[in-house]
Amino acid sequence: GIQVEQSPPDLILQEGANSTLRCNFSDSVNNLQWFHQNPWGQLINLFYIPSGTKQNGRLSATTVATERYSLLYISSSQTTDSGVYFCAVERRRDDKIIFGKGTRLHILP
Amino acid sequence: DAGVTQSPTHLIKTRGQQVTLRCSPKSGHDTVSWYQQALGQGPQFIFQYYEEEERQRGNFPDRFSGHQFPNYSSELNVNALLLGDSALYLCASGPRGNYGYTFGSGTRLTVV
């Protein structure tokens, strides 16, 4: 089945730093979403981005579907950005959504 | 506009018991999917419902079953609970087509 790999698995940064999270996938997909899971377990949809680039405040994302990867950029990190960031893809052949293992981000004050 | 709502938020059950979790999708959404998330792992797809039928299923045993009602709400049932079923169970809803999914806050199930 499709493989979804996220890197790095863990990231520790000082408040104010910038970061780039990567998601590689091994097969054709219908769409891709980035989520932030807060400490209470809530998955917050950040971007629905099957291709191209989107920006929302300090966050932006780029998906290059032909090369099977997506990047999530976080600028001027804040402590509230801490949590786990998941990439999820909907595989083309059967519409199933597959999650990566996530990147755990710690922003230090 | 209410998002995806799940109930209960927390649940403790004994091995061998049965449990029912509930999900109300976001307004305008007709597709509901269920996920199991073990501690420290990404969510794993259980199954998806559309038009009151199970459309897709992940690698979960038949102890896991579900239902979708005419108002698009859904239930997840787990029979003969095992300790390994302890997890956060997430419900996601979406409109038919490629518009992305919205997740509920989850039900944290503990099996003792």
Positive end of the charge dipole of chain A (Lys, Arg +1 and Asp, Glu -1 on Cβ, about the Cα centre): tell me which of A:Gly102, A:Leu43, A:Ile2 has its Cα farthest that way. A:Ile2
Over what distance in Å are the Cα centres of the stretch B:11-82 and the stretch A:23-98 separated? 23 Å
Could you check the spin-label model distance between A:Ser26 and B:Asp30? Points 7 Å from the Cα along Cα→Cβ, value in nm. 3.5 nm
Expressed in angstrom, Rg and Dmax over the Cα atoms of chain B are 13.2, 40
Given points 7 Å out from each Cα along the Cα-Cβ axis, report the B:Asp62 to A:Asn38 separation in nanometres with one decimal. 4.1 nm
Ordered by residue, what ³J(HN,Hα) values in Hz, to whole numbers, does the stretch B:40-57 give under the Karplus form 6.51 cos²θ - 1.76 cosθ + 1.60, where θ = phi - 60° and Gly and Pro are x? x, 10, x, x, 10, 5, 9, 6, 10, 10, 8, 6, 6, 10, 6, 9, 9, 9
In whole Å, largest first, what are the principal axis extents of the Cα atoms in the protein assembly as shown? 48, 36, 36
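Which value, in debye to the nearest 20, describes the size of the charge dipole of the protein assembly as shown about its Cα centre when Lys and Arg Cβ atoms bear +1, Asp and Glu Cβ atoms bear -1, and nothing else is charged? Please list the in-between numbers first.
Details: 19 positive and 18 negative charges, 53 e Å.
Dipole of the protein assembly as shown, to the nearest 20 debye: 260 debye.
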Neighbour-limited loop hits for trypsin sites (Lys or Arg not before Pro), the stretch A:60-109 (at most 11 other Cβ within 10 Å; DSSP other than H, G, I, E, B): A:Arg93
Return the long-range amide H neighbours of B:Gln56 (sequence gap of 5 or more, or a different chain), with a cut-off of under 5 Å between placed amide H atoms. B:Gln48
Hull volume in cubic angstrom per residue (convex hull over the Cα atoms of chain A): 86 Å³
Can you work out ³J(HN,Hα) from phi for every residue in the stretch A:73-81, in order, using Karplus 6.51 cos²θ - 1.76 cosθ + 1.60 and θ = phi - 60°, giving whole Hz and x for Gly and Pro? 10, 10, 9, 6, 3, 10, 4, 6, 7
Using θ = phi - 60° and Karplus 6.51 cos²θ - 1.76 cosθ + 1.60, couplings along the stretch A:82-87 (whole Hz; Gly, Pro as x): 4, x, 10, 9, 10, 9
Here the residues of the stretch A:82-108 lying in the modelled label zone of A:Gln14, meaning backbone nitrogen under 20 Å from a point 7 Å along Cα-to-Cβ, are A:82-83, A:105-108
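By how many nm would the segment from B:Arg96 to B:Arg15 grow when fully extended, if each residue of separation counts as 0.36 nm and the alpha-carbon distance is taken off?
25.5 nm
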Can you tell me the dipole magnitude for chain A around its Cα centre, using point charges on the Cβ only (Lys, Arg +1; Asp, Glu -1), in Debye to the nearest 20? 140 debye
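Bear in mind these aren't lab numbers, they're just calculated from the coordinates by the rules spelled out. Only a predicted model underlies this, so the values are computations on that prediction, with no experimental measurement involved. Cβ coordinates were reconstructed from backbone atoms using ideal geometry, including for glycine residues, and neighbour counts include every protein chain displayed.
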